[in-house]
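Visitor: Have a look at the structure that comes next, please.
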Amino acid sequence: MAQEVGYISKIGDSVNDIVLEMETLDDTFEKAIVRYDYPFIDGADLEDMGQKARIVKVRCWFFDSASQSNYDDHLKLIDLMRVKELLEFNHPKYGILKGKVDSVSTRHDDQQRTAVVDFSFVEQMRDSIVPVASTDVTSAGETAFTSGQGQQEGELTRDMAALGFDAGLELDPDQTLLAQLKIKSVYQREIARSLDAQLGALSAEANQVVQPVNSLVATTTFRSTLPGRVLGIMTKCVERVARLYDSSLNYPANYLRSLDAGLRDLVTALSAPAAAQTAAAAAARSLMVKHLVIACAGRIALEAAYCYADDEADRQTVRQSERNKSFDALGRYLGQPVPVVMDVRQLETTLAATRSWLQQGVDQARSMTALKGQALDLLTYVSSVKLERERIITVELDNPIPLHLVCLRYGLDYHYAERIRSINPTLANPNATSGTLQIYTPAGGAA
């Protein structure tokens with residue numbers, strides 16, 4: 001049985017650390033079946049003698065261009081025929097394979113410093129196939145966020161106990177902390193008064209935006225204890241700040257950038273000390289800022305997970321639209337609006353901003369393993385998605401030409417024109433494209 005993974009063109013797969021720019025990948029699985037035929041008997045008696053050697057056939061490109069220079073690496077691939085030890089092949093779908101390269105075919109044409117190499121890789125023995133893990137970023141993000149709520153409440157309980165408060169005391173949400181907590185000193189009284197003032201400010205900020213009834217926080221019940229009350233007000237406030245930017249959700253990179261700025265403004269506003277601040281007020285403010293940073297880190301990580309999942313769905317929509325015909329038999333344009341998708345730079349930028357928040361949260365509370373899990377899940381997901389995304393290079397156009405001709409010149413299908421426009425916001429006239437232009441790397445070749 002042969003399974004073909006068509007036109008992959010991905011970076012990062014390798015044979016013994018030789019990075020490959022793949023075009024096609026074909027896996028062949030066969031069994032040794034012995035057939036016994038008997039006279040006057042219909043059919044055959046079959047005996048299974050086990051599986052034959054698994055063969056992986058790969059076509060890859062080596063070339064020099066403005067974005068990469070790996071033409072000379074095809075000589076290293078040829079030299080692998082001389083290696084007697086087992087080789088490691090990093091299969092993009094099935095992970096690491098051990099085996100040997102048993103044939104290499106190299107093709108050159110009139111392209112300068114460009115080689116097309118076909119080689120076959122034979123696996124050493126047969127092992128169970130374990131597909132490369134694919135993270136459900138939405139499910140993982142929600143699970144980690146919910147887990148983080150419990151861990152933060154535990155951290156807040158310890159912080160309140162360190163200040164001498166009874167963290168298990170049931171509180172009336174309609175009364176102030178100062179009126180309900182068991183105050184043992186003037187210092188504790190001042191802390192309770194400061195906490196009331198800051199929680200009041202956060203509540204006023206939260207009430208400016210209506211909380212969606214189907215949100216993850218809306219389905220969470222916070223306990224009526226001191227940590228539960230503080231965490232409930234803080235979490236709802238952070239979520240409602242996130243909802244301020246819902247109008248830009250169709251542009252995930254802009255949304256996450258705005259959310260990053262909005263959360264920083266919220267932390268800055270809470271961190272600003274009063275004109276005359278006592279030691280107790282400073283301690284209360286420091287406690288609130290610590291847990292606000294943790295809450296912001298968990299929230300932006302969850303929003304990033306949602307954005308990445310939606311962006312991947314939009315990518316599939318764009319792929320589908322590119323396979324449809326643009327014109328009917330009468331020449332009428334059939335094109336439909338396509339969503340804007342994130343490019344590699346936007347993925348990396350948003351991931352860096354999100355992980356920066358998560359690092360701040362971990363610095364505040366080393367016991368918050370949920371934040372570490374969110375950071376790892378997002379990094380793993382973006383790394384896997386980047387392997388599936390086309391790379392972007394910059395080209396210079398001497399004369400004004402239509403964008404569709406630009407695609408033709410650099411070996412791209414004309415359907416790429418819409419996506420090229422999406423990554424060139426300053427492109428005012430697609431019919432007369434000139435100057436510096438960002439384009440996608442043609443699959444399997446050099447630009």
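The values are calculated or read from the model by the stated rules, or taken from the named source; none is laboratory data. None of these values were measured; they are calculated from a predicted model. Positions of Cβ are backbone-derived with ideal geometry, glycine not excepted, and every protein chain shown enters the neighbour counts.
Visitor: Among the residues of region 1-48, write down those that are charged (D, E, K, R), at pLDDT below 90 and loosely packed, with under 13 Cβ neighbours inside 10 Å.
Guide: GLU4, ASP17
Visitor: Then there's this: I need the full set of residues from region 236-255 which are part of a helix (DSSP H, G or I) and either outside the structural domain of CYS296 (by TED's automatic domain parsing) or closer than 18 Å to LEU292 by Cα (or both), in order please.
Guide: Result: LYS236, CYS237, VAL238, GLU239, ARG240, VAL241, ALA242, ARG243.
Visitor: Criterion first (surrounded by 12 or more Cβ atoms within 10 Å (Cβ to Cβ), at pLDDT 90 or above and among the acidic types (Asp, Glu)) does ASP102 satisfy it?
Guide: Yes; evaluated as a whole, the condition is true for this residue.
Visitor: Related question: Looking at VAL340, VAL362, VAL344 in this structure, which one is under 11 Å from the mean Cα position of the chain (by Cα), among the β-branched types (Val, Ile, Thr) and not assigned by TED's automatic domain parsing to the domain that holds ILE420?
Guide: Answer to the check: VAL344.
Residue-wise test of (1) modelled with pLDDT under 90; (2) within 29 Å of LEU259 (Cα to Cα).
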site	(1), (2)
LEU358	no, yes
VAL362	no, yes
ARG366	yes, yes
GLU388	yes, yes
ARG391	yes, yes
GLU396	yes, no
ARG409	yes, no
TYR440	yes, yes
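Visitor: Just to be sure before I move on: is LEU75 of a type outside the set (Gly, Ala, Ser) and touching a residue at least 24 places away in the same chain (Cβ under 8 Å) in the structure I sent?
Guide: Spelling it out, it is not the case that LEU75 is of a type outside the set (Gly, Ala, Ser) and touching a residue at least 24 places away in the same chain (Cβ under 8 Å).
Visitor: Next question, about the same structure. For region 168-175, state whether one or more residues are modelled with pLDDT of 85 or more, in a helix (DSSP H, G or I) and in the same structural domain as LEU231 (by TED's automatic domain parsing).
Guide: no
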